[in-house]
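A short worksheet on the structure shown next.
The values are calculated or read from the model by the stated rules, or taken from the named source; none is laboratory data. The structure displayed is predicted, hence computed values, not measured ones. Counting neighbours? That spans all protein chains shown, and the Cβs are built from the backbone with ideal geometry, glycine included. With ligands, DNA and RNA removed, areas are computed over all heavy atoms of the protein, side chains included. Shrake-Rupley method; radii C 1.70, N 1.55, O 1.52, S 1.80 Å.
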Amino acid sequence: MAWTISFYSQRIEDDILALPAGLVARFLRYAERMEAFGPDLGMPHTRAMGGGLFELRLKAAEGIARVFYCTVVDRRIVVLHQFVKKTAKTPPHQLQIARRRMKDVCHD
C-alpha cells in the first residue's frame, strides 16, 4: 500500500515549488521515493528529529534546504515547513514552527 503526501497549507507547497530548480528536483525525487517506500529513507536523505517529526534533507548546487514533515494515520505524510539552510545547526525557531504545525495536524 502506497503512502500519500499532503501539505499543511497551500503556502507550504508554493514555497517548496519556489525553491531553486535543483532543490525542487530533489524534493520531487525524494517525495516519489517516500510515496513508494515510506517516510524514512534513511541518512543522508531523511532524519528523525524526535517526537514524530522528520526532516527531508535537500542538497543541490544552489544550496541546502530542509523540509519538515510528520506521518499521520492512513499512511499519510504531511509536509509542515521548509526553509533554506544558512547555518550549520538548524535554527530553533524553524523547529518550533514545524512542531507547532505538527501539533495542529495531530490534534485535528
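Structure above, values below:
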| quantity | calculated |
| --- | --- |
| For the stretch 15-72: accessible area per residue (Å², 1.4 Å) | 48 Å² |
| For the chain: span of alpha carbons on each principal axis (Å, largest first) | 35, 30, 27 |
| Hull volume in cubic angstrom per residue (convex hull over the Cα atoms of the stretch 1-61) | 90 Å³ |
| Cα-based Rg / Dmax (Å) for the stretch 45-106 | 11.7, 35 |
| Assigned charges on the beta-carbon of Lys, Arg, Asp, Glu; the chain dipole about Cα centre (debye) | 460 debye |
| Peptide ranges 37-49, 18-30 listed from the most packed, as the mean C-beta count within 10 angstrom indicates | 18-30, 37-49 |
| Share of carbon and sulfur in the accessible heavy-atom surface of the chain [1.4 Å probe, %] | 54 percent |
| FRET efficiency for Ala61 and His93, using Cβ-Cβ distance with R0 set to 22 Å, rounded to 0.05 | 0.25 |
